[in-house]
1. Identify all lysines with a Cα-Cα distance to Lys188 below 17 Å; exclude those on the same chain that are fewer than 8 residues away in sequence.
2. State to the nearest 20 debye the size of the charge dipole of region 1-96 about its Cα centre, where the only charges are +1 on K and R beta carbons and -1 on D and E beta carbons.
3. Fewest Cβ neighbours within 10 Å first, please rank Thr96, Thr140 accordingly.
4. Exposure proxy check: Phe69, Phe150 ranked by fewest other beta carbons within 10 Å?
5. Would you please give the residues with an amide H less than 5 Å from that of Phe69, counting only those at least 5 places away or on a separate chain, with H modeled from the backbone geometry?
6. Please compute the length gained on full extension between Lys125 and Ala23, using 0.36 nm multiplied by the number of residues separating them and subtracting their Cα-Cα distance.
7. Based on DSSP H runs of at least 4 residues, each adding -39500 (n - 2.57), what is the mean residue ellipticity at 222 nm of the chain after dividing by all its residues, to the nearest 500 deg cm²/dmol?
8. Using a basic spin-label model with each label point 7 Å from the Cα along Cα→Cβ, how many nm lie between Ala41 and Thr16?
Amino acid sequence: MPTPILPGVAHLDLATGVITEAAEVIERRLSDMPQSYHDQAAVRALLVENPVLYRVYTMPQPGDAGGWFVATSIVGPGRVGTEYFMTKGHSHAQDTAPEVYLTLNGNGMLLMQSRADESVAQWMKPGTIHYISAGWAHRTMNVGSEPLVFFAVWPVDAGHDYETYAERGFAKLILASDDGPRVVDNPKYAKAAAP
Ligand code: PAN
Ligand code: ZN
């Protein structure tokens, strides 16, 4: 018998994104995702320091009979070459599982990509609510100088597909420029997709 979902409560520090009772805290460093960045010379140079790129705090699941995951992500400010510190990025294994993000702090970009390779990039700033449609892969990057903090809710049975995006990445890169973040084609993606 699955454990029924009981009412739950947790405490979130809106400024830092820390959930006090987090059941799990995931920490991702550059060494966990060196292939995600296109500038491998910049990756090698920064691997000496091996910075934490982001952390994810997940609220304890009050049961296992379905329901929602509730978590915060905190992406640090920083760059690897001209790319910003960012999450690995994934799609949900379950094609019918959407997700909602609410930005609490900082400035970021949410890059989304459909199964048909359409791309959408949205600005994240305190108060922006993002609906990530089912079937769309998603990755966030911190384009500002303070931590990017966002709150996320998604179905517990969604599952995460990281492999598809680990090697060739997303169809678009978001690069830092004098005029701010620029969305450009990812050359590695086009090559990998060619027959
Ligand atoms: C988020 C992400 C979180 C970290 O909670 O899992 O921001 O990003 P990666 O999972 O791509 O490393 C979410 O989208 N959950 O489904
Ligand atoms: Zn997700």
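Taken together, the values in this text are just the output of simple stated rules run on the coordinates, not laboratory data. Predicted model, so just to flag it, every value in this text is computed and none were measured. Note: ideal-geometry Cβ built from the backbone for every residue, glycine included; neighbour counts use all protein chains shown.
1. Answer for Lys188, where 17 Å is the Cα cut-off: Lys88, Lys172, listed by chain and number.
2. On the way: 6 positive and 10 negative charges, 48 e Å.
So the magnitude is around 240 debye.
3. Numbers: Thr96 10, Thr140 26.
Fewest-to-most Cβ neighbours within 10 Å comes out as Thr96, Thr140.
4. Values: Phe69 15, Phe150 24.
In increasing order of surrounding Cβ atoms, one gets Phe69, Phe150.
5. Trp154, Val156
6. Gain on extension, Lys125 to Ala23, equals 34.1 nm.
7. Values: 3 runs with 19 residues, N = 195.
After summing the helix terms and dividing by the residues of the chain, the value is -2500 deg cm²/dmol.
8. About 3.9 nm, to one decimal.
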